[in-house]
Structure formats: C-alpha cells, structure tokens
Amino acid sequence: MPVVGAASAAPRVRVAGNTAIDLLARNVGEASGPATDAWGANVQVLRDPIAMVLGGCGAGPAYVLARLGVDVSLDTNLGDDAAGQVAAGWLCQAGVRLSTARACATAVHLIMLSPAGERRSAYFPGERVDWAQALEGPTPTWLLISGYGRVDATDAEQMTHVCARMRQRGARVAFDPSPWFAGRVPEPTMLALWAHVDCLLGTVDELVHWRPAADPAELAASLLALGPSQVVVKQGAAGATWAAVDEGTGHWSADPVAAANTVGAGDSFNGRVLAGLCRGEPLAQATRAAVTLATRVVRRGLGVLGAFD
C-alpha cells in the first residue's frame, strides 16, 4: 500500500486520529421551505462565501504542532480523493509527515453556522483509523490520540493496547476522548484506557460524562486519581482548568469573542499544549498559551488554518 512521507527518524509527536475537510457556511438562517426536487423557496442564498478548512482531531493538532516547529507524524484515514488531496497538501506544506496508507474516502463535515455562531451539520466520517499503525517505526516522545465519529468499544480497546505499548517503549501519551465515546463505550473500558494516559485533555461535557463533579477544578483533580499525571479541562469561552500531580491546579480565562465560530479551537488547543510540553513548559504555561491560540482561532473563524498568519 502507498505510504506518503514516511520517515525512519522518530518524530517528537506522533498523532493518531482522523482527517476531515470542514465546509463552513456562515450566517445560515432557518430552512425557508421544505425539501423538494425543484428550485424555489427551498434555496437559501448566502451572503458569505463557503470556506473550506482543515478538520479532524488528528489532522488539526498535527497541523498546529508542525506550524509551531515540532517534528510530527500523523496516522490517519486520509482518502486518495479530491478532499484528501487538498488536506494532504495543507498538511505536507506545514511539515507534517503522513505515515499512513491512503483510505478510500476522506471525511467531510458540512457545518452550517447561524448568525450567532450556533452549529448544524452533516458529517461523513470517512474510513476507520487503524490505531495499530502508531506502533510501527521509531518511538516518539509523545503520542497524541483522539476519538472521532466512527469510534466504538473496539476502538477504545485498541487504543488501550496502543497506549500501553507506547508507554512501555518510553513514550508519553496524551488522549482527548472527544464527545463520540459517550453512550458507545462502557465506563470500565474507558477508565481502563485512561490508566495508560499521561495527559488527559477534554471539554467539561466530555469529561464529566465519565466522572461527575461539581466544577471544573474538582473534575480535573478527581481525574488525576484515575491514572493521568496531567489533566486539562477545556471550557470554551470560560478558558481552561488544569491539574498536575507536581503543579497543583489552576485556571486561565479566555477573552470573549462575539458570535464565536469555535471550529478548530479544541484541536488547536491540543496542539499547543503538546508543543509546550515537548519544549519542557510546565502544564500551566502550556495551557495558558493554548487558551490564547484557541481564542485566536475562534476570532478568525478559519479553523486551525486561522491559527497562524
């Protein structure tokens, strides 16, 4: 099978997750008429152009890491189709090593944003990610692994095996559960995975599903007892709370953004946290910089492509 950009040297970060093309339609109102096989009231004319941006919990942080100067490779479900060629172009131009065989079809996410920034979407999640590919080749300093739209209990079990093996080989593991595991994976299976994670990253809603808590600080502190030595709770417009066994717990606020388009903010956040940890930054410092970068992404409204000039 063809492999794009494979290299023998160990990357500082190896990312395993999906790649998607996000199509952003802004200022979309409510549907003005019923669906029908004709033109007329069922057509809404948009005043803003539709933007094509890089998405995916694998591609997004990999792109950010590469743009920040980190040596990074990506194991993903990139398709050898038009969408995949566009995504591969952005990733390779940024310096991401694509160490994975091409899939059949790339994920595409059509995101319709209301004038207030609220989302409706249609999502083709693409092919499945082969998590075991992360074990091929040299051992990285960090493995970042994330859930996406096709995950189920089998994926969680495979991730557990991969994360455990990586730590045995001397790598550190960062994991973002995403919202997709909730309702698909039993709690013991998920907590077994977290026992092999060094840095756990997720939103309040994603994490509190597995460990109820009164507030983000209590949530972050309680998650340390499950195995991770570092936890970051992303809180959107409210910033982020962090906890580490050797640093304590803290919170960073974010600057408010009106009519926020949050596409790509979480992936950019993850990439900046990992870049900081690779540089030896304390978790508190890496989290603060991640809040700043994610806020920039929200303000510019271009997903991870808007994280940089």
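If we keep just the residues of segment 170-223 that are free of Cβ contacts under 8 Å to residues at least 24 places away in the same chain and not small (Gly, Ala, Ser), which is nearest to CYS57 (Cα to Cα)?
Residue satisfying both the conditions and the ranking: VAL208.
From the list ALA240, ALA225, ALA182, which one is under 23 Å from LEU143 (Cα atoms), in contact with a helix residue (DSSP H, G or I) (Cβ under 6 Å, 6 or more places away or on another chain) and of a type in the set (Gly, Ala, Ser)?
That would be ALA240, the only listed residue that is under 23 Å from LEU143 (Cα atoms), in contact with a helix residue (DSSP H, G or I) (Cβ under 6 Å, 6 or more places away or on another chain) and of a type in the set (Gly, Ala, Ser).
I'd like the full set of residues that are among the acidic types (Asp, Glu) and in contact (Cβ under 8 Å) with a residue 60 or more places away in the chain, limited to segment 258-291.
ASP267
Based on what the data block shows, is GLU127 surrounded by 16 or more Cβ atoms within 10 Å (Cβ to Cβ), of a type in the set (Asp, Glu) and over 30 Å from VAL45 (Cα atoms)?
Judged against the criteria, GLU127 is a match.
If you scan segment 16-63, which residues turn out to be more than 30 Å from CYS163 (Cα to Cα) and in contact (Cβ under 8 Å) with a residue 40 or more places away in the chain? So that I can check it myself, show each step before the final result.
So in segment 16-63, the residues more than 30 Å from CYS163 (Cα to Cα) come out as 23-52.
Selection gives LEU23, LEU24, ALA25, ARG26, ASN27, VAL28, GLY29, ALA51.
With surrounded by fewer than 14 Cβ atoms within 10 Å (Cβ to Cβ), under 19 Å from the mean Cα position of the chain (by Cα) and not in a helix (DSSP H, G or I) as the only criterion, which of ALA116, ALA122 stands out?
ALA122
Considering ALA134, ALA88, ALA94, ALA107, which residue is within 20 Å of ILE21 (Cβ to Cβ) and touching a Leu at 6+ places or on another chain (Cβ under 8 Å)?
ALA88
Filter segment 161-193 down to residues that are part of a helix (DSSP H, G or I), under 20 Å from the mean Cα position of the chain (by Cα) and either of a type in the set (Asp, Glu) or surrounded by fewer than 19 Cβ atoms within 10 Å (Cβ to Cβ) (or both), then give me how many there are.
The total comes to 1.
Which residues, counting only those in segment 86-116, are of a type outside the set (A, V, I, L, M, F, W, C), at pLDDT below 95 and out of contact with any helix residue (DSSP H, G or I) (no Cβ under 9 Å at 6 or more places or on another chain)?
HIS109, SER114, PRO115, listed by residue number.
The values are calculated or read from the model by the stated rules, or taken from the named source; none is laboratory data. Predicted, not measured: the structure shown is a model, and the values here were computed from it. Cβ atoms come from the backbone with ideal geometry, glycine included; neighbour counts cover every protein chain shown.
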